[in-house]
1. Classify the range A:438-567 from the C-alpha gyration tensor, please: rounded if a/c falls under 1.5, else prolate or oblate depending on whether a/b exceeds b/c.
2. Determine the gain in length on full extension of the stretch A:Ile90-A:Arg68; use 0.36 nm per residue of separation and subtract their C-alpha separation, reporting nm with one decimal.
3. Note the full-extension length gain between A:Arg347 and A:Ala18 as 0.36 nm times their separation in residues minus their Cα-Cα distance, in nm to one decimal.
4. Classify chain A from the C-alpha gyration tensor, please: rounded if a/c falls under 1.5, else prolate or oblate depending on whether a/b exceeds b/c.
5. Accessible area, 1.4 Å probe, largest first: how do A:Thr195, A:Thr606 sort?
6. At R0 = 41 Å, how high is the FRET efficiency between A:Glu771 and A:Lys150 if r is their beta carbon distance? Nearest 0.05 is fine.
7. Using the Kyte-Doolittle scale, which helices in chain A average at least 0.5 and also have C-alpha atoms spread 20 Å or more along the helix axis, with helices defined as whole DSSP H runs?
8. Assuming R0 = 41 Å, can you tell me the calculated FRET efficiency for the pair A:Glu789 and A:Ala528, based on Cβ-Cβ distance, to the nearest 0.05?
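The values are calculated or read from the model by the stated rules, or taken from the named source; none is laboratory data. Predicted model only: the values in this text are computed from it and were never measured. Cβ placement follows ideal geometry from the backbone for every residue including glycine, while neighbour counts extend to all protein chains displayed. Ligands, DNA and RNA are stripped out before the accessible areas are found, and what is left, the full protein with its side chains, is counted by its heavy atoms. Shrake-Rupley method; radii C 1.70, N 1.55, O 1.52, S 1.80 Å.
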Amino acid sequence: MSDYSPREIEKKWQSAWAKDNVDQVTEDKKKEKYYCLEMFPYPSGKLHMGHVRNYSIGDVFARYKKMRGYNVLHPFGWDSFGLPAENAAIKNNIHPAQWTYKNIDEMRRQMKDMGFGYDWTREVMTCHKDYYKWEQLFFVKMLNKGLAYKKKSTVNWCEDCKTVLANEQVQDGKCWRCGKNITTKEIEQWFFKITNYAQELLDGCDKLPGWPERVLTMQKNWIGRSEGAEVDFAIKGVKDTKLRIYTTRPDTIFGVTFMSIAPEHPLTASLCKGKPQEKEVLAFVDKIRRTSKIERTAEGGVKEGVFTGSYAINPLNNEEIPIYAANFVLMDYGTGAVMAVPGHDTRDFAFAKKYNIPIKVVIKADWMSANPTDAELKDAYVEPGIMVNSLEFNGINSELAISKISDYIESKKLGKKTINYRLKDWGISRQRYWGCPIPVIYCDKCGMVPVPEKDLPVVLPEDAKLTAIGDNPLSKIDSFVNVKCPKCGGMGHRETDTMDTFVESSWYYARYTAPKDEPSGINKEKAAYWLPVDQYIGGIEHAIMHLLYARFFHKVLRDFGYLTGDEPFKNLLTQGMVIKDGHKMSKSLGNTVDPDYIINKYGADTARLFSVFAAPPEKDLDWNDHGVEGCYRFIGRIWRFIDNNSSIWNEMKGISVLSQNVSAANLSPEIKKLRSFTHKTLKKVTSDIDIFGLNTAVAAMMELVNEIYKIDVSKINKDDKKVLKEVTEILVLMLTPFAPHASCELWNELGNDGMAIQHIWPSVDEKAVIEDHKLIVVQINGKVRAKMEIPTGTSEEKVKKIAFADVNVKKFIEGKEIKKVIYVEGKLLSIAVSGS
RNA sequence: GCCCGGAUGGCGGAAUGGCAGACGCAAGGGACUUAAAAUCCCUCGGUUCUUACGAGCUGUGUGAGUUCGAGUCUCACUCCGGGCACCA
């Protein structure tokens, strides 16, 4: 063997693996399955270190599981629809498809250079009709079930470019292309009724013990279940119309001193009609309508409102209360109208102070008087307390009053108890070209008609002219738009909206189980064998949207009979970002590191090793070029050790030594110690990988190599050599998931046939791990004063006796009173003393 | 504003309530070499005392607390990062 030159051996092994199809899997009922999945990438053009890290973590884990004997599904694909392809198309005058496929080819080459063990026969590309036609089928089914529907909704709109803008295309409230202030526009859009599943998605959070707690917390908060009541307030001087509000605090209803309604509320216009305030209110509504969604939420909490001129009547005490239109009330949450209680809500309090609205206390804390002065009431009192100023409810606890008042409201038919969710339906319409066409045709006679299953896929036409201005390019392709109605045969026109790319990534994990399958898109038997995904790995940025949408889709596909089980991902690992120079690595900041450079200089094994060694997977990784060198040296040290001792491996050729029962009698003490250390390391590496402690697993292997280097190989006997081979084999096998190329090479160099990656994971010789001596630390008043090597199993009495005989211990307890002695078996003796 | 994280040497990081700083990087020293690179070995939180061997004190963002014992648990605070849909 020669010097470690990674690129040569990596190419050699990559082609050997490909030739033998080592990573292809089929359903095998005899083996336990394991589905390991990393989030698929958007083919932006080049792999970045974030990808390298994500896929290295996944590959270590998948290879480890294979060595543990599982039937491992480890697939890969491309999330290949989306906005960047359209932008590139406009900028470089290249078709989005061409740009995308070119990027995929380049990135696939890089992925293969990294030596990731994917079953490439299962590769999917979401922009291919063989993938998205199934999505169109699911859409039609959802439409028929009422899970897909259309409603009016607002989008960012640039008046100059006459185009809809994604949030990303709005910068500081301005159009990124022309710089003009953007406005909003109401258009008909498609939605998925994810809210139908709100409760199940919430309940499911408690059935996912393999997910990080913080991701579940975020999802729960996002779904945002709240219990409250809807109450109808009459409007003074208006007969049939009532103003319906939603509140989570019915206990504060006697403290209402004004009402806030959303500017877009359908009643706003009529409430101010003919009043002196009409002009002002309409101007306010117009201003809010024109502010973009982003701006409106990014205003930094400036609360604004105008009095509409109308009054509502509190149904519980008949008080007249002014109605305000307010910028902070949202039309798409609750009922779009809020009863405002400044005495017990901080936001209402601030608003009341600003507009000089009275503040009324209805819940009293111990320190409060029933009618506190302004000086006394510096802020809203939001805690529970005793009810006051609330007629027959006075004197009871406010928490009890919530249900009492709700019951009262229901019994008097003034409103009803309700459960609300913050979760909104998922808007999937995009006025974009590079996406999955929504399979619907509009006919003057028959109305909206879904495309029949036999006519799917609705193929995205290739001859689109992409520009940054004007309507969706699809709407300008006559051959696409003008089609016959599937129902009556008369002329109709196609829907030109395409779907949000989150739709593609919501079910790809299921498609991988049978990626070529016809005619249903998901093969039930194969999906049932492989799903759920046992380990899902991806960035924390997908903690809410992607993961929630995929969970939703899984439930929908389950209800359609495609899938079994309620959840798609059993265990989830959210990995941190790759940081350089204090910032997230990104093209725009110019602090990217090219993986090709690392691979060419140090090899894929080093790149893989470093990306899992430098930080624990869940944490952000601070990239440092020097650190890479250390991992390269580590592989080099193993390489040289094996190379320098080839005579030993030759001598041992054909002798199986792995985890043998070695008779300790003939071994020299150092070798005996080394064997024990090796099995301890194996135990640690195994349990570390199981819990994704990949950085400490690598550190443990480095320690083992340091120990191996302490052995003087020239002085060891024949039995010692056997053990040395065992030790080295265990090391190489442990290294295999991390650095598969070098490991395969070294495995053969040790005189073994076959591939290390197909070898079974070594097992721990528990006997070798047992220690005959234990190190006992002696603490006096919490400070370490002595360390003692004591034979394992020594009695507490004897340990104490030895400790108290220690010179240093004596020094620190001399002349002092011993208050307490605590012994922790085989570990520590703690002595508490007092006095001087 | 709300929610979720985090803070340990010059740096990345390690530590079931039990020896703080494993492992790696950087730095310094030595061996090998004509030399350099590579490699191999040693030292490496701060500080005081000691010729030395060594011994002591101090130290995990700040301040309290619980405990024989706290980086780890509790409370209050400071700073940093991430997320957000002003949620009635």
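1. Details: a/c = 2.54, a/b = 1.65, b/c = 1.54.
Cα axes put the range A:438-567 in the prolate bin.
2. On the way: separation 22, 0.36 × 22 = 7.92 nm, distance 4.95 nm.
That works out to 3.0 nm of additional length.
3. Details: separation 329, 0.36 × 329 = 118.44 nm, distance 6.32 nm.
Here the answer is 112.1 nm.
4. Oblate is the answer for chain A, as a/c is 1.5 or above yet b/c matches or exceeds a/b.
5. On the way: A:Thr195 45, A:Thr606 0 Å².
Most to least solvent-accessible, the answer reads A:Thr195, A:Thr606.
6. Numbers: r = 71 Å, r/R0 = 1.72.
E between A:Glu771 and A:Lys150, to the nearest 0.05, is 0.05.
7. On the way: long enough: A:6-20 (21 Å, -1.75); A:49-67 (26 Å, -0.52); A:96-113 (26 Å, -1.79); A:129-144 (22 Å, -0.62); A:545-559 (21 Å, 0.05); A:625-644 (29 Å, -0.42); A:669-690 (32 Å, -0.88); A:694-709 (23 Å, 0.86); A:718-735 (26 Å, 0.22).
Helix filter hits for chain A: A:694-709.
8. Working: r = 57 Å, r/R0 = 1.39.
For R0 = 41 Å, the calculated efficiency reads 0.10.
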